[in-house]
1. How many nm is it between the label spots at Q24 and K97, if each spot is 7 Å from the Cα in line with the beta carbon?
2. First select every other residue whose beta carbon is under 14 angstrom from the beta carbon of N99; then total the charges, Lys and Arg +1, Asp and Glu -1.
3. Sticking with the crude label model, points 7 Å out along Cα→Cβ, report the distance from R120 to Y46 in nm, one decimal please.
4. How big is the antiparallel share of DSSP beta bridges in segment 2-144, given as a percent to the nearest 5?
5. Note down the nm distance, to one decimal, between modelled labels 7 Å out along Cα→Cβ at E145 and at I57.
6. If a/c stays under 1.5 just call it rounded; otherwise compare a/b with b/c (prolate if a/b is bigger, oblate if not). Do that for segment 1-71, with a ≥ b ≥ c from the square roots of the Cα gyration tensor eigenvalues.
7. Can you pick out the pairs among K97/K141; K39/K123; K23/K115 whose Cα atoms lie more than 28 Å from each other?
8. For segment 115-132 and segment 1-31, compute the distance between their C-alpha centroids and round to whole Å.
Amino acid sequence: MVIREYRFEDLNAVAAIMDQGRKQELANVGLERYAVPFKQAPYFSYFFEANVFVAEIDQKVVGVVSFTTDNLGFLYVSKALQGKGIGGKLLDFALEKMNRPATINVFTKNVTAQKLYQSRGFKLVGRIRDDWDGTQFEEDKLELE
């Protein structure tokens, strides 16, 4: 596996991974009806203002991470390859480049992501309760010193 900087020609592969990952993430909290294609999402415009890197296996993009100097914005891996350490390698790569404290917001019910971040030393520093059209959910703010 190679981790490299995002290139424009990666857009469709990144969009496919983001679409599938976001649907999966939102389904965990009963908000799948809010899944919007990446290229139409409100965050599309600022996604590329951050540092964006992709994981590649055999010249195929299989994961993506986006981060600023102190905030991890997005981390998604192709569903077929989840659980194989790719997300952990992308996270470690990003953390090497980020300042401390580093933060991330993650749905409380996203147990897989919670475990990954906690395994790298992230701690819960806050919890946000929200409601989208009657569907209540919680999001945790995690921090790494």
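1. About 2.2 nm, to one decimal.
2. Value of the local net charge: -2.
3. 2.0
4. Antiparallel bridges make up about 95 percent of those DSSP assigns within segment 2-144.
5. 3.6
6. It comes out prolate by the Cα gyration axes.
7. Cα-Cα > 28 Å for K39/K123; rest within.
8. Cα centroid to Cα centroid, the span is 20 Å.
No lab work stands behind these numbers, since they all come straight from the coordinates. Keep in mind the model is a prediction, meaning the values are calculated, not measured. With ideal geometry, Cβ positions are generated from the backbone for all residues, glycine too; neighbour counts draw on all protein chains shown.
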